[in-house]
Amino acid sequence: MKATNLLIPTLKEAPQEAIIDSHILMLRAGLMKKLVAGVYTYLPLGLRVLNKIENIIREEMNFAGGQEILASAIQPKELWEESGRWKKYGPELIRFKDRHNHEFCLGPTHEEIFTDLVRNIIKSYKSLPLNIYQIQTKYRDEIRPRFGLMRGREFIMKDAYSFDIDELGLEKSYNNMYHTYEKIFTRLGLNYKIVLADTGSIGGNVSHQFMALSEVGESQIIYCPTCNYAADEEKAFSLLEKETKLDELKLEKVSTPSIKTCQDVAKFLNVELKQVAKTMIYYETERKEFSAFVLRGDTEINEIKVINILNSSEAFVRLATDEELENAGFKVGFIGPKDLKCKIYIDNEIVKMSNLIIGANELDYHYINANFKRDFDGIVCDLKKSKAGDICPFCGAKLKSERGIEVGQIFKLGTKYSSSMHCSYLNNEGKQSDMLMGCYGIGVTRTFASIIEQHHDENGICFPLQVAPYHVVIIPISYSDEIQKELADNIYEILKKHKVEVILDDRDLKPGFKFKDWDLIGIPYQIVVGRKANENIVEFKTRQTNVKEEVNYLIAIEKINKLIENL
Ligand code: ATP
Ligand code: MG
């Protein structure tokens, strides 16, 4: 491709709203253009990268036995009602009606569609197992679309669904995808970690996320450097330092006038923050139900755990407002688990403590020396957010944390969709059984941004060869110079013949401009044709290392041929 024929709308500056490097660089390098918040047009160079990422994913999925199909983004409400998600999914689901008043959504994911497809086609165990997938555009009305392709309202996902006859089959399918994802992300040049994950609105009971390690990642990974336990912060559990049980002292009500927060109570009563138990009341909006969650004053609540305990969804669970609490008779600022009239959940760290301070459910009063079981009770569970410095529940070492970008997630769904949607098969004894399902997603466009996040420097993108828009760019210092033109054209023709993806920068621009552009765009290799063209000498530059060497042009060609041989 000649640069004069190529759409290369590079920019000196990125729009102010772009804060992370991948977003800035994708706009500046002219890989994509914003249409509206969270919606982008992929330009020629960007689309080439996207296609390459998709093809690596496709190759590995096919190798693993997956079969590609393509479903519509439009999904009928009826299927979402069958699975129970029409209501549960909340405002992220983009819903619309047709002229006949039939309701639809734009698919944020495709469990319902694939389950429906398979239940209508597959009748017998003889046709299972099955793994079908697509690479397709998804829609989510994200509350905060941001960071370019990282969190779009429209994005491309590879989603695969497996159907098996039993648990053993599901285990095999899941492991197959787990290892396939390892291959995919390795081939894409990502530095990543695999972590245990919460199953969220997708459901099921086992899940892993693939996290591209990056400071700008929105996910917090908690991991153990000793035993390799690693989990997303939403899922992670950990222990705090051991507490020694003390003699239980006499429960006493003490006056704490207008002293409401744990910090203020601890200060006022001159105790450590961990001695104050906080009681948080959550409201489930569907069931119109309050529940209390009690945890140590020095720990934070993990709301995903709350949602899971309440067996509800993110759309229906929130902290109760002061007004709601007052109307329901709670004494805001002085709520405690003793004699409280709602369901109470107690964090397991509370159980290890002695002589706690709790709210007295009476204006301006707290209890001191409150002890679990003797003075208050509730269902013991894991409620707190894990953080670096906590103790690994498996080996006792100190946990660490690191930020990551969730580029993929896999789920063992079991019969979550097959039972509600009656996706069954006839087993070898002639009985109907629900299929066991798994689902497996890769955020293709988010992966694109993650690759750039991990592969760039102060001058621009440094694409790994396997996903670069082109392999090499030939940059004549002056294309109007006959000798330079002849050599550049000659190299261009030879490389094209060798099926190398090559750009010839035939633009009439100052060399400095050209160099800046190509460094920004991140084509892995540059062949600079300059003053020594009359000796057949060119400069060969590797973008990733910025190492330059002068070589005969034939050697440069040979180097390129060798490099792409292994792709
Ligand atoms: P997140 O927690 O980041 O919102 P998710 O867990 O809801 O993502 P999944 O339902 O697991 O996402 O979707 C599969 C993959 O699709 C994710 O691992 C992620 O890489 C990608 N993805 C999800 N939401 C977006 C988005 N808004 N923009 C770009 N990619 C996304
Ligand atoms: Mg996910």
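Out of the total accessible area of the range 470-565 (probe 1.4 Å, heavy atoms of protein only), what percent is carbon and sulfur?
Numbers: 2440 of 4770 Å².
With neighbouring chains kept in place, the figure for the range 470-565 is 51 percent.
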What's the angle, to the nearest 10 degrees (0 to 90), between helix 167-187's Cα axis and the longest principal axis of the chain? 50 degrees
Simple label model, 7 Å out from Cα along Cβ direction - Leu70 to Lys497, nm: 3.6 nm
Which whole-number value in Å² is the accessible area per residue of the range 252-381, probe 1.4 Å? 46 Å²
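Once you have the Cα-Cα distance between Ser401 and Ile19, take 0.36 nm times their residue separation minus that, and quote the gain in nm to one decimal.
Details: separation 382, 0.36 × 382 = 137.52 nm, distance 2.30 nm.
Once the chain is fully extended between Ser401 and Ile19, it gains 135.2 nm.
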Taking 26 Å as the cut-off for C-alpha to C-alpha distance, list the pairs among Lys12/Lys496; Lys77/Lys172; Lys305/Lys338; Lys52/Lys183; Lys87/Lys123 that go past it. Lys12/Lys496; Lys77/Lys172; Lys87/Lys123
Considering every pair of different Cα atoms, what Kirkwood radius, in Å, is found for the chain? 27.3 Å
Label-reachable residues, the range 529-551, where backbone N falls under 14 Å from a point 7 Å from Glu558's Cα toward its Cβ: 551
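Report the relative contact order of the range 125-266, percent, no decimals, based on alpha-carbon pairs under 8 angstrom and at least 6 residues apart.
Relative contact order for the range 125-266 comes out at 14 percent.
Averaging sequence separations of C-alpha pairs under 8 Å and six or more residues apart, then dividing by the length of the chain, give the relative contact order as a whole percent.
Working: 1187 pairs, mean separation 96.3, N = 567.
Once divided by the residue count of the chain, the mean separation gives 17 percent.
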Quick one: helix 44-63 against the long Cα principal axis of the chain, what's the angle to the nearest 10°, folded into 0 to 90? 70 degrees
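Trypsin sites (Lys or Arg not before Pro), restricted to the range 201-250: which are DSSP loop and have at most 14 other Cβ atoms within 10 Å?
On the way: sites: Lys235, Lys242, Lys245, Lys250; in loops: Lys235, Lys242, Lys245, Lys250.
Passing sites in the range 201-250 are Lys242, Lys245, Lys250.
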Can you give me the distance in nm between label points at Glu535 and Glu300, each placed 7 Å from the Cα along the Cα-to-Cβ direction? 6.2 nm
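Need the full-extension length gain, Ser480 to Gln263, defined as separation in residues times 0.36 nm minus the C-alpha distance. One decimal, nm.
Values: separation 217, 0.36 × 217 = 78.12 nm, distance 7.37 nm.
Here the answer is 70.7 nm.
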Calculate, for Lys341 and Glu78, the FRET efficiency according to 1/(1 + (r/R0)^6) with r their C-beta to C-beta distance and R0 51 Å; round to the nearest 0.05. 0.80
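Working out 0.36 nm times the residue gap between Asp508 and Asn55, then minus their Cα-Cα distance, what length gain in nm do you get to one decimal? Please list the in-between numbers first.
Numbers: separation 453, 0.36 × 453 = 163.08 nm, distance 3.48 nm.
Using 0.36 nm per residue and subtracting the Cα-Cα distance, I get 159.6 nm.
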Carbon/sulfur accessible area of the range 252-381, % of total, 1.4 Å probe, equals 47 percent
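With r as the distance between the Cβ atoms of Leu168 and Glu103 and R0 = 45 Å, compute the FRET efficiency 1/(1 + (r/R0)^6) and round to 0.05.
Numbers: r = 39 Å, r/R0 = 0.87.
My answer for the efficiency is 0.70.
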Checked the range 470-565 against the a/c 1.5 cut and the a/b vs b/c comparison, axes a ≥ b ≥ c from its Cα gyration tensor; verdict rounded
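The values are calculated or read from the model by the stated rules, or taken from the named source; none is laboratory data. Values in this document were obtained by computation on a predicted structure and should not be read as measured data. In this analysis, Cβ positions are derived from the backbone assuming ideal geometry, glycine residues included, and neighbour counts consider all displayed protein chains. These area figures cover heavy atoms from the full protein model, side chains too; ligands, DNA and RNA do not enter into them. Shrake-Rupley method; radii C 1.70, N 1.55, O 1.52, S 1.80 Å.
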